[in-house]
1. Report yes if residue 44 is crowded, with 21+ Cβ neighbours inside 10 Å, among the aliphatic types (A, V, I, L, M) and either modelled with pLDDT of 90 or more or in contact with a His (Cβ under 6 Å, 6 or more places away or on another chain) (or both), otherwise no.
2. Looking at the range 20-47 only, could you name the residues that are touching a residue at least 40 places away in the same chain (Cβ under 8 Å), assigned to a helix (DSSP H, G or I) and either over 17 Å from residue 80 (Cα atoms) or over 10 Å from the mean Cα position of the chain (by Cα) (or both)?
3. If a residue has to be surrounded by 15 or more Cβ atoms within 10 Å (Cβ to Cβ), of a type outside the set (A, V, I, L, M) and over 10 Å from the mean Cα position of the chain (by Cα) to count, how many in the range 48-79 make the cut?
4. Of the numbered conditions (1) of a type in the set (Gly, Ala, Ser); (2) over 18 Å from residue 115 (Cα atoms); (3) touching a Gly at 6+ places or on another chain (Cβ under 7 Å), residue 10 fails exactly one; give the number of that condition.
5. Taking the stated definitions as given, is residue 16 touching a residue at least 12 places away in the same chain (Cβ under 8 Å), touching a strand residue (DSSP E or B) at 6+ places or on another chain (Cβ under 7 Å) and assigned to a helix (DSSP H, G or I)?
6. Within the range 100-118, how many residues turn out to be within 10 Å of residue 74 (Cβ to Cβ) and out of contact with any Cys (no Cβ under 6 Å at 6 or more places or on another chain)?
7. Going through the range 48-57 one residue at a time, which ones are assigned to a helix (DSSP H, G or I) and modelled with pLDDT under 90?
Amino acid sequence: MPKWIALGAAICCTALALFLPWARYGDTDVSLYRFPAWYVYVAAALAMHGCVPLRSTIGRIAGAVASLTAATTAVLLLVNPGWADFPFGGADSPVPAVAAGSSAGALLALAGVLTNAAALALPPRTA
């Protein structure tokens, strides 16, 4: 698989992950920006995608560190969906407690990280 196809697939997964919900409270979807430190994932995802075209060893190391950061953040948010701001008005809300569950956004984020890691590992194409 060429490097640019893997990078394109990784960018598509990351873009979809930003728009899909990362948690669900009953029938209510919770977006990524409702989580604490959501910007850590976004910054790491931008950095990991930006490091793929770099051909140096430093670029690959920086891409690996950014990929690890994005993956760690996505896994933490995937296994802790209750970290999101409560969408019903906080702890004083009259709405009964609803358990939080994970959703598709974090899974797509992990797919984007894995695809980006594959793009980082592929050698540059020599014609």
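1. So residue 44 passes the test.
2. Residues satisfying the conditions are 34, 45.
3. The qualifying residues number 5.
4. Residue 10 satisfies every listed condition except (2).
5. Considered against the rule, which asks whether it is touching a residue at least 12 places away in the same chain (Cβ under 8 Å), touching a strand residue (DSSP E or B) at 6+ places or on another chain (Cβ under 7 Å) and assigned to a helix (DSSP H, G or I), residue 16 comes out as no.
6. Residues in the range 100-118 being within 10 Å of residue 74 (Cβ to Cβ) and out of contact with any Cys (no Cβ under 6 Å at 6 or more places or on another chain): 6 in total.
7. 57
The values are calculated or read from the model by the stated rules, or taken from the named source; none is laboratory data. Computed from a predicted model, the values in this text were never measured in an experiment. Note that we place each Cβ from the backbone using ideal geometry, even for glycine, and neighbour counts take in every protein chain shown.
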